[in-house]
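The values are calculated or read from the model by the stated rules, or taken from the named source; none is laboratory data. Being a predicted model, the structure only gives us computed values, none of them experimental. Neighbour counts are summed over all protein chains in view; Cβ atoms, including those assigned to glycine, are modelled from backbone coordinates with ideal geometry. Accessible surface areas use protein heavy atoms only, side chains included; no ligands, DNA or RNA. Shrake-Rupley method; radii C 1.70, N 1.55, O 1.52, S 1.80 Å.
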Amino acid sequence: MHYALGLHMHQPPGNLQLLIESNEWEAQQIIRCYERAARYAHLYKDVARFHVDFSGILLAQFKDPAIIDRYRKYIDIPAMIQSYRDAKNIEIIGMGYYHPIFPLIPREDWQEQLELGRDVARELFGRAPKGFWPSEMAFSMEMIPALVEAGYEYVVVDHVHVKPVKESQKINPFTPYLARYGESAITIIPRHRDISNAQESGMNPSWFLNEAGARVKEFPGTKNPLLTSWSDGENGGWFRQIDEAAGFFGYFFAPLMEKIRSKEARIKPVTISEFIKKYPPKEEVTVKTGAWNVGSTSGYDFSQWNGSGSQKKAINALFEVSKRYWELKKSKQHASRLLQLAQARQLILDAETSCYLFWGDAWIPKLYEKVNAAQELLA
């Protein structure tokens, strides 16, 4: 069995500064999560292969001299970034810059979110990402042409959303597929929801190996099975443990790598790029629009982000200000308002951060703060 492990890393705009000012203990826990992943990649460079995705806005905070200085007592951020650059066994995965839910933002804004996210990853890590992680795993088939145009070769989706194109087809969560929209096609990597949920909450290597083996046996005859598990990499006590022996890397990852190193475990960590190059997908599927399961929601809709009236109203306001931006951008007034347009553009893209919707009424004012400021600039 091949194993593609992934960790998702994101902080909304300004959050590293807010954390270090308001809750230094939590700030320390979180910043150590980012450093830990690269360090363990080097410790097990002979056997470990895994993936890390960073939102562009998190990477931008890593570049901020004030953030670098404030966190220096815990982590040397430039040295951490260099450690990622040097860790060739980590595959860096791309994301929308401001961590937007693409199906809930104006399609005209997709390209810039994709390009900015890819560019900052290339800048910091010295290599452009080949794979894409949809924020909140929120995916729709309409995204495929934009992803392909941005240079992505594959996208990770929750396996429960992968659906057959033929009635006789049986979906195998341990197999990459192709998905096509119009003239564009991309490789689909199913992320196993159940094992990923266990990765986020806590597991030990023996349970993982037994569970993974049992799940694959449900699909007899699978050639070169690929198990993909992915979760947040800095949320929850499991990842934030300062005592590393009790957390994800000390309790699960390192012991698993030791079992693999000693040949006790018959599982091979791989990067997805390496795997699909050797075993390219052959069958075609479609993917149902949806996200991952969070809280009490299934992910089959976007109710966590647009289920309430206030969330829907905020999304409508976002669409209106984006529409106004594009009208002015294409108008004869464009040349005389370059500065206002540029300032409004950044505010609009920032307002598309999924966190403003995820936390409902508590954070929606942050979205309106950006939207209202952009509206004033575009008046």
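See the values below:
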quantity	calculated
Tabulated pairs, the range 313-336, first closer than 11 Å to Pro106 by Cα and of a type in the set (S, T, N, Q), second open to solvent by 80 Å² or more (accessible area, probe 1.4 Å) and modelled with pLDDT of 95 or more, C-beta under 9 angstrom, 6+ apart or interchain	Ser322/Glu108
Subset of the range 352-367 [open to solvent by 60 Å² or more (accessible area, probe 1.4 Å), in a helix (DSSP H, G or I) and either under 24 Å from Leu114 (Cα atoms) or polar (S, T, N, Q) (or both)]	Lys366
Residue pairs meeting the criteria (Cβ under 9 Å; at least 6 apart or on separate chains; first farther than 13 Å from Met1 by Cα, in the range 203-220; second open to solvent by less than 50 Å² (accessible area, probe 1.4 Å) and of a type in the set (D, E, K, R))	Met203/Glu211; Pro205/Lys259; Ser206/Lys259
Residue within the range 19-32 that is under 30 Å from Pro255 (Cα atoms), of a type in the set (S, T, N, Q) and either surrounded by fewer than 20 Cβ atoms within 10 Å (Cβ to Cβ) or touching a Pro at 6+ places or on another chain (Cβ under 8 Å) (or both) present	yes
Residues located in the range 104-127, provided they are open to solvent by less than 20 Å² (accessible area, probe 1.4 Å) and touching a Pro at 6+ places or on another chain (Cβ under 9 Å)	Asp109, Trp110, Gln113, Gly117, Ala121
Arg266 vs. criteria within 29 Å of Arg193 (Cα to Cα), at pLDDT below 95 and of a type in the set (Lys, Arg)	yes
Per-region count, the range 238-250, residues assigned to a loop (DSSP other than H, G, I, E, B) and either surrounded by 16 or more Cβ atoms within 10 Å (Cβ to Cβ) or free of Cβ contacts under 8 Å to residues at least 60 places away in the same chain (or both)	3
Residue satisfying condition, being part of a helix (DSSP H, G or I), farther than 30 Å from Pro103 by Cα and modelled with pLDDT of 95 or more, within set Phe219, Phe253, Phe275	Phe253
Residue, nearest to the chain's Cα centre (by Cα), within the range 30-54, restricted to residues that are touching a residue at least 60 places away in the same chain (Cβ under 8 Å) and under 19 Å from Asp69 (Cβ atoms)	Tyr34
Val294 vs. criteria open to solvent by less than 90 Å² (accessible area, probe 1.4 Å) and assigned to a loop (DSSP other than H, G, I, E, B)	yes
Top-ranked residue of the range 256-272 - restricted to ones that are assigned to a loop (DSSP other than H, G, I, E, B) and in contact with a helix residue (DSSP H, G or I) (Cβ under 7 Å, 6 or more places away or on another chain), ranked as farthest from Glu136 (Cα to Cα)	Ala265
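Residue-by-condition table, conditions (1) under 22 Å from Val270 (Cα atoms); (2) part of a loop (DSSP other than H, G, I, E, B); (3) modelled with pLDDT of 95 or more; (4) touching a helix residue (DSSP H, G or I) at 6+ places or on another chain (Cβ under 9 Å):
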| site | (1), (2), (3), (4) |
| --- | --- |
| Pro129 | yes, yes, yes, yes |
| Met143 | no, no, yes, yes |
| Tyr152 | yes, yes, yes, yes |
| Val155 | yes, no, yes, yes |
| Val160 | no, no, yes, yes |
| Glu167 | no, yes, no, no |
| Thr175 | yes, yes, yes, no |
| Arg180 | no, no, yes, yes |
| Thr187 | yes, no, yes, yes |
